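The structure follows.
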Amino acid sequence: MASGNGSNGPRDVVFDMDDNDQRGAKETRGSSCETEEDGNKPTYCVTDVPPWYLCILLAIQLCHQCGRFLIPGSSPVQHYLTSFGAMTSVPLILSEGLCLQHDILTQSQLINTGFFASGLITLLQVTFGVRLPILQGATFALLTPSMAMLSMPEWKCPTWTQNASLVNTSSPLFVEVWLTRLRTLQGSIMVASLLQILIGFSGLVGFLMRFVGPLTIAPTVSLIGLSLYDSVGAKVGSHWGISAMTTVLIVLFSQYLRRTPIPVPAYSRAKKLHSSKLYIFQTMPILLGIAASWFVCYLLTISDVLPSDPAQYGYLARTDVKGDVVNQASWFTLPYPGQWGMPAVSLAGVLGMMAGIVCSMAESVGDYHACARLSGAPPPPKHAISRGIAVEGLGSLLAGGFGTGNGTTSFSENVAALGITKVGSRVVILVSGVFMILMGMLGKIGAIFTTIPTPVMGGMFLIMFGVITAAGVSNLQSTDMNSSRNIFVFGFSMFTALVIPNFITKNPDLLQTGVKEVDQVLRILLTTNMFVGGVLGFFLDNTIPGTKRERGLLAWDKGDPEDSAHAAGTDQVYDLPFGITSRLSSQSWVRHVPFCPWEGNGSGNDAPQSEQPLRGPLVTDEPL
């Protein structure tokens, strides 16, 4: 790897965010891919190696970009402490379906397992996968079918598990209740991930993406956010005042005050001790909003303003609801495959997870192209994309084996953050993966995340799922929305995907074919909003006559001209490490292996149109 040759790295990444200060900093950084004439290039490209101390600092900032959303104008710094966006919210939401609402210690173990598995998979992706600086972690694309599966009559939680006074978390009966559900979830995710592994290693990604356009991705991603409104509503409704305060604070910090700097002392070799501008509201609006609300809840708890009776409204806003979970949690824990026992498999669950896997793949392909552009790498060639998708499938297989209750995918907000930090070095992401593994081994960390008051989480969820819903709709910007065809496809797909699952959920007995397995499959698929919307969008978009320009495919096919203009180096960036590519280049059979690079394989510049331009559903031209 080429090393950044400047002795003065970007020490003030969070500071001096105005244009004049940024230009001054660029003159001293001296990275191989940064020039004074082109401010759009990253300070450190994908193959650059920042100084060791800078790697650690940036890795700490980046390793918790696990929020599955990014507030406009926000920065990676906030995600170090707000990683619960995905890594915490996924297991907390799953805990409702797993009957774990009152077993806080097990929830913290799920959070730790998620961190550990995500860090491990990040290392695999950056080293052997697509080889771009992109984090891996929990995906909401699998959360929706998981909740649909756990809401089936045979998997609904017994009534007594909803009553904290009746739950004994150490009781064998209670343990068997949630273990049975979690093991089935594990096995279903592991089997479904084999589809992604097959598509990746076989090179079928490009072929499949030819048929997946904006009118398929938009309803699919939007419905991920919309389908969770009931769960979010229950959390927000636990105390509307606290939830509203959290939401208002986040909006205030991220939208109205984000360009308001705060002077702070700073030091650099060039300027010595000086005053610098810290855009604290731009860098950590989520952290500030949640911390402020959390503190208010603490004050209301110690002053006994909030009721101490669990049956009264507002009790869940207390900070002592979760008991002594932090003290109970061990300092050190080591997640391992099979820690919950032997996984089980449900055919209905597998098919439901496959729907989420397909959505995740479409998103990741777009993430790869956006990440390459922002990190100074050439557009990813076919073999890199295939390898990246395959490794994500392996990641979901590992995550299922470890028992996270979820799979893994590329984090789109990590890609957006590259446009802010201008640091695209994959070495930083490798160090981030190590930090995530270490976080997963610290049991107290997961326990702390579980103590966040429920209405505070609800206020944050309002922002999170709202952004996910809007990000899905934003995929329509490349389509002709003056076309009655497109309006029909999108509107019908969205509305029908809300009506059918709602009806099936309220009338489960009406869907009976006489074959129990078939009933389970149909119930899970038809109650998964994103599956219904995605299938309808896919079918209508590919069967109703329409031009490429009208469907938005022409804009995707053209790609981004900046991809090549800003690329530093050749597609050797995507070669396998440790000299594997050079050893394989002499073998003639390698050209027939879709995921192996070889001379003449073709760089991203001549990659098929179906692969090169695809943008992920959570990635836009500017950071969200």
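The values are calculated or read from the model by the stated rules, or taken from the named source; none is laboratory data. Computed from a predicted structure; not experimentally measured. For neighbour counting, all protein chains shown are included, and Cβ atoms are generated from backbone atoms with ideal geometry for every residue, glycine included. For accessibility, only protein heavy atoms count, side chains too; no ligands or nucleic acids. Shrake-Rupley method; radii C 1.70, N 1.55, O 1.52, S 1.80 Å.
Working out 0.36 nm times the residue gap between Thr547 and Leu511, then minus their Cα-Cα distance, what length gain in nm do you get to one decimal?
Contour length minus the Cα-Cα distance gives 9.1 nm.
Leaving out ligands and nucleic acids, note down the accessible area per residue over region 281-431 with a 1.4 angstrom probe, in whole Å².
Computed with neighbouring chains in place, this is 32 Å² per residue.
Taking 29 Å as the cut-off for C-alpha to C-alpha distance, list the pairs among Lys156/Lys235; Lys382/Lys548; Lys271/Lys444; Lys235/Lys516; Lys235/Lys444 that go past it.
The answer is Lys271/Lys444; Lys235/Lys516.
Related question: Take the alpha-carbon centre of region 425-459, take the same for region 147-161, and report the distance between them in whole Å.
Centre-to-centre (Cα) distance: 28 Å.
On alpha-carbon atoms, Rg over Rh for region 150-286 using Kirkwood Rh?
Dividing the radius of gyration by the Kirkwood radius yields 1.14.
Still on this structure, please answer the following. Ignoring ligands, DNA and RNA, how do Asp304, Asp541 rank by accessible area with a 1.4 Å probe, largest first?
Numbers: Asp304 110, Asp541 0 Å².
The most accessible residue leads, giving Asp304, Asp541.
Provide the packing ranking of 441-453, 183-195, 487-499, 573-585, i.e. peptides ordered by the mean count of other C-beta atoms within 10 Å per residue, highest first.
Those peptides, ordered most packed to least, come out 183-195, 441-453, 487-499, 573-585.
Here's a follow-up. Given the Cα-Cα distance of Leu334 and Gln477 and 0.36 nm per residue of separation, how much length would full extension add, in nm?
47.0 nm
Please report, in Å, the Rg and the Dmax of region 241-340, where both are computed over Cα atoms only.
Spelled out, the Cα radius of gyration and Dmax of region 241-340 are 19.9, 61 Å.
Taking the dipole about the Cα centre of region 83-239, with the C-beta of Lys and Arg at +1 and of Asp and Glu at -1, give me whichever of Ala141, Thr184, Leu105 is farthest to the positive side.
Ranked along the dipole, the leading option is Ala141.
State the percentage of accessible surface on region 344-473 attributable to carbon and sulfur atoms; use a 1.4 Å probe and exclude ligands, DNA and RNA.
82 percent
Go ahead and run the numbers for FRET between Asp320 and Val264, Cβ-Cβ distance against an R0 of 35 Å, rounding to 0.05.
After rounding to 0.05, the efficiency reads 0.55.
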